[in-house]
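Here's the structure, in structure tokens; my notes come after.
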Amino acid sequence: MLADRLVAHRGYPKHYPENTLLGMAAAIDAGAHFIETDILFSADQQPVLYHDNLMTRISGEENAVHLLTLDELVSRPAHEPERLGDQFINQTITPLCDLVSLLEEHPEVTAFIEMKRSGLHIVGLEAAYDIVSKILTPVRDQCVLISFSDEFIDYAHQQGFPRLGLVLKDWEERQGNLMQRIQPEFIFCDTDKVPEGSSLDEITPTWVIYEVEDPDQAIAWFDRGADMVETFDIGGLLENLAHRAL
């Protein structure tokens with residue numbers, strides 16, 4: 001199915017604030033079977049769906065996520081005022097536990113949980129893993145831990161988390177020792193990191209290429225061996241590609 005080849009990057013940012021429960025639900029309603037979110041931690045070490053350390057762009061506030069408690073964060077807006085104005089002013093920062101509840105309602109959906117390196121640096125790898133893995137327990141099999149931190153993914157592998165993905169920082173990492181040792185289920189790779197003319201068929205894990213919004217670009221990546229593409233416009237890409245009868 002086409003929905004199994006597309007990942008909703010931070011929910012549905014084309015039309016909704018990124019990394020919000022509203023955006024995640026809208027992506028699922030649009031047909032997404034795979035969603036992705038970023039995780040940072042509050043001052044009391046609780047995980048929230050948030051990309052930037054500083055809150056200016058997403059919340060319109062001169063503050064930082066790790067300086068506020070969870071109770072304080074969930075009362076703050078997550079409406080992306082510069083991009084979306086005040087139309088989503090009532091949408092507040094989403095705790096990870098709310099995403100878990102949404103996933104429980106949609107057992108057909110898989111969530112990529114990206115642990116941001118800045119959050120891991122503040123909380124620590126072991127504590128971050130313990131906190132997040134405990135919260136994810138009810139939907140553990142629906143979740144894939146991913147991160148730019150190889151150390152975190154290696155630790156999660158050692159702890160036996162069942163589903164993992166590596167994010168390539170450079171093309172050579174696809175054949176590195178960590179890749180061979182943990183055998184991740186997924187590999188995430190920026191379009192800019194793939195050398196011209198290279199094929200993605202050479203490695204077994206599922207390749208996820210990001211960021212793709214244009215249907216022609218998506219088809220070109222599928223032709224080059226990409227298994228999936230990640231997009232900010234999940235609904236638009238699903239509709240456009242469906243018309244191409246992939």
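The values are calculated or read from the model by the stated rules, or taken from the named source; none is laboratory data. Values in this document were obtained by computation on a predicted structure and should not be read as measured data. With ideal geometry, Cβ positions are generated from the backbone for all residues, glycine too; neighbour counts draw on all protein chains shown. Each accessible area value is taken on the protein alone, full model and side chains, heavy atoms only, with ligands, DNA and RNA left out. Shrake-Rupley method; radii C 1.70, N 1.55, O 1.52, S 1.80 Å.
One table, with the values for the structure above:
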read-out	value
Mean shadow area of the stretch 144-246 over all directions, Cα convex hull, nm²	6.7
FRET efficiency for T56 and D190, using Cβ-Cβ distance with R0 set to 22 Å, rounded to 0.05	0.35
Carbon + sulfur, % of accessible area of the stretch 150-246 - ligands and nucleic acids excluded, 1.4 Å	42
Under-21-angstrom lysine pairs by C-alpha in the chain, whenever the two are 8 or more apart or on separate chains	4
Principal axis box of the chain, alpha-carbon based, largest edge first, Å	48, 42, 32
In order through the stretch 172-188: 3J(HN,Hα) via Karplus (6.51 cos²θ - 1.76 cosθ + 1.60), integer Hz, x for Gly, Pro	5, 5, 5, 10, x, 5, 4, 4, 5, 6, 9, 6, x, 6, 10, 10, 9
Residue of E36, E172, E211 that the Gaussian network model of the chain assigns the largest fluctuation, springs spanning Cα pairs under 10 Å	E172
Fraction of accessible area attributable to carbon and sulfur, the stretch 1-111 (%, probe 1.4 Å)	49
Distance between modelled label sites at M1 and S118, nm, 7 Å Cα→Cβ extension	3.6
Top of P195, P215, P95 by mean-square fluctuation, Gaussian network on the chain, Cα under 10 Å	P195
Distance from the stretch 122-198 to the stretch 1-74 (C-alpha centre basis), Å	19
Estimated distance in nm for a label pair at A127 and S198, the labels positioned 7 Å out from Cα along Cα-to-Cβ	3.6
Accessible area of the chain divided out per residue, in Å², using a probe of 1.4 angstrom	43
In Hz, Karplus ³J(HN,Hα) per residue of the stretch 217-231 (6.51, -1.76, 1.60; θ = phi - 60°; x = Gly, Pro)	5, 4, 4, 4, 6, 4, 5, 8, x, 5, 7, 9, 10, 10, 9
Under-5 Å amide H pairs with E230, H placed in peptide plane, nonlocal only	V7, I209, Y210, V212
Kirkwood-type radius of the stretch 1-41, with distances r between different C-alpha atoms, in Å	10.0
Net length gained if the chain between R140 and Q175 were fully extended (0.36 nm per residue, minus Cα distance)	9.8 nm
Orientation-averaged projected area, Cα convex hull of the stretch 6-119 (nm²)	6.5
Interchain or long-range residues, amide H under 5 Å from S42's placed H	V48
